[in-house]
Every structure is written in structure tokens, then in C-alpha cells.
1. Taking the DSSP beta bridges in segment 22-295 as the whole, what percent of them are antiparallel, to the nearest 5?
2. When we measure straight from the Cα of LYS69, which lysines land under 17 angstrom away, once same-chain ones fewer than 8 places off are left out?
3. Kirkwood hydrodynamic radius, segment 140-234, all distinct C-alpha pairs: what's the number in Å?
4. Positive end of the charge dipole of segment 49-207 (Lys, Arg +1 and Asp, Glu -1 on Cβ, about the Cα centre): tell me which of LEU143, GLY55, ALA92 has its Cα farthest that way.
5. Once fully extended, how much extra length lies between LYS100 and ASP167, figured as 0.36 nm per residue of separation less the alpha-carbon to alpha-carbon distance?
6. With springs only between Cα atoms under 10 Å apart, run a GNM on the chain and tell me which of LEU275, LEU230, LEU125 wobbles the most.
7. In percent, how large is the relative contact order of segment 84-226, given Cα pairs closer than 8 Å and 6 or more residues apart?
8. What is the dipole size for segment 22-295, taken about its Cα centre, with +1 at each Lys and Arg Cβ and -1 at each Asp and Glu Cβ, in debye to the nearest 20?
Amino acid sequence: MLGAFLIVSRPPQRAPAAFPGQNGLIVFESTRGSSGTHLFTMRPDGSLPRQLTHGSSVNGDAAYSADGKRIVFESDRSGHAQIYEVHADGSAVRRLTHTKPGHDNNDPKFSPNRRLIVFDRFTGLFTTDVFVMRADGSHLRRLTHTRSGLSPAFSPNGKRIAFESDDARASQIYLMNPDGSHVRQLTHTADDNTDADFSPNGRRIVFRSGRTGHAEIFIMHKDGSQVQQLTHTPDGVFNYAPAFSPSGRLIVFERYASASDTDQIFTMRTDGSQLRQLTFTGAGVTNCCPDWQPLPSAG
């Protein structure tokens, strides 16, 4: 969301979209080097960062299409948060939503066939719900009617949508059908559970939870069972926005360290081992909300 930079008091609430394939570039948002917040890409080792958006606007929550050729994202370049699509190289930007001020659109994700985009929209009176539209912005449909439906993401087969809602006081992760039916709650803790992302084979979900007292990354089976904690960080370190690699072997995520006021992108294996830092910007610079580009599998 465009308010994602209140890192400690309000963690980023977004869900990337993991589609199967070979590991391509990583797209992320950053405040480095210029006014505004912009989309950048980098190689999986953190090298060759490239800026995709420019100007003084806030651009964020980027997610790749299943073929890796398109990126959908949110931007306030029109005055408030709207959904846009762009080629993976940053060219051919197209605006998809045209809502009035006060009705911000956030956290867009493609369906596996790229025909649909699911996202959340602030509908007024502190209410946010999940919507779906065609990839050209037409045929809008509201899927949830709750006080808070956030951060939706399609499963890799397109049959389910994960989202989060705090109707149960703390934010919990839910699944529903693409038409909004058959809602099922997956998490049941007293602390927030957010940022859900399906594995490329659709069998597991990685997510952020505050159940240990501060923000850590967890993984669970798609039915909510077999929960495993992946990060074990000290007080003052917060982990957010996990996303599977297209290969399913790695997880990319954001880590904020309050003592140094640094916000960096890391990767790790799906068991939490082999932690690797990808960005190395200074204090006060935000790097967040990564998503991994799927490329066609060899052969």
C-alpha cells in the first residue's frame, strides 16, 4: 500500500504473486536516489538495480504477470492511488482504474491467465474490500463485504484467492473462490497475520505474523496446518512482505532494523536457512515489497 512506509507502526500489507517458472529479476519499491517512491528491478543476487518509474509520485506494490512480461502496480501520480500496468522493462504505462479521491486502489495482482486483476479498494468509512476486474480495467466486481478485506492474491491455478481481514480484531488470512464464495479462515491467533503468498505449486503459503511479539516470516500448508517459523530475529528487527521465487526454492522478503533505521531486501531458503542480503542502502531509505519475475522454464 502507499502507506507502507510507516514500517513499525503500520507494517506493509501486501501480498505478492508467485507463479512457477525460472527465477528472473526481482521488482521492488524504493525511496533511493530521488524524490518520490519508485519501482526498481535487480538481479537475484542484488546486482544491476534499474529504475522503472520516475517523477515525484509514489509507486509501489508491484507484481509480475505469470509470463513475466507485465507488471501491475499502484501509483498516486493522478493525485491518489490508482492501478496501472506496465511492460516489464518500464515502458508502455497504462492506467486501469479511475476512482474519485478518497477511494484508493491498492495491492493489485494478476490472475494466472493475465485476464483478471484482483486488488483492494478503500470504499469509505474505514472500510476496504477486495475487488476484481478484467486486465483492461473493465467489468469491476466486488468480492468481499467486510470492514477490512486486504492484500488479495490468486493461487497459481487461479481457483482460490488469499486475502487478509481484521474483522476478527487481529488480521487473519482467509481463502475464497474467485467469485467471493466459500470463504475459509486459515489463521486464528491474537496477533496479526498478513502478507500471504502462495508457493508456485500452490501447496504452501508464506506469510508474516506477529504471534511471537514482533514481525516474523512463517510458512504453512494451504489449509492452514503445519505452521513453521522461518525467521528468528531479535527485538527491533521486523520482517515483512515475503514472496516465493518462481522455482519455489527461495523466499524474498523485506527486513527493517529500527536501531540503524535501515530497510533492506533479503532472500532465504524455504526452511529459513542461507539468509542473503540483496540491498545495502543507508539509513532512512526504504526498500520494500519485492516480487519475483517468472521466466519460461527451459525446454
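Read the figures in this text as sums done on the coordinates, not as results from a lab. Since we're looking at a predicted model, the values are computed, not measured. Methodologically, a virtual Cβ is constructed for each residue, glycine included, from the backbone with ideal geometry; neighbour enumeration extends over all protein chains shown.
1. 95
2. LYS109
3. 13.4
4. Highest projection toward the positive end goes to ALA92.
5. 21.5 nm
6. Result for the chain, Cα springs under 10 Å: LEU125 fluctuates most.
7. RCO, segment 84-226: 13 percent.
8. Approximately 860 debye in magnitude.
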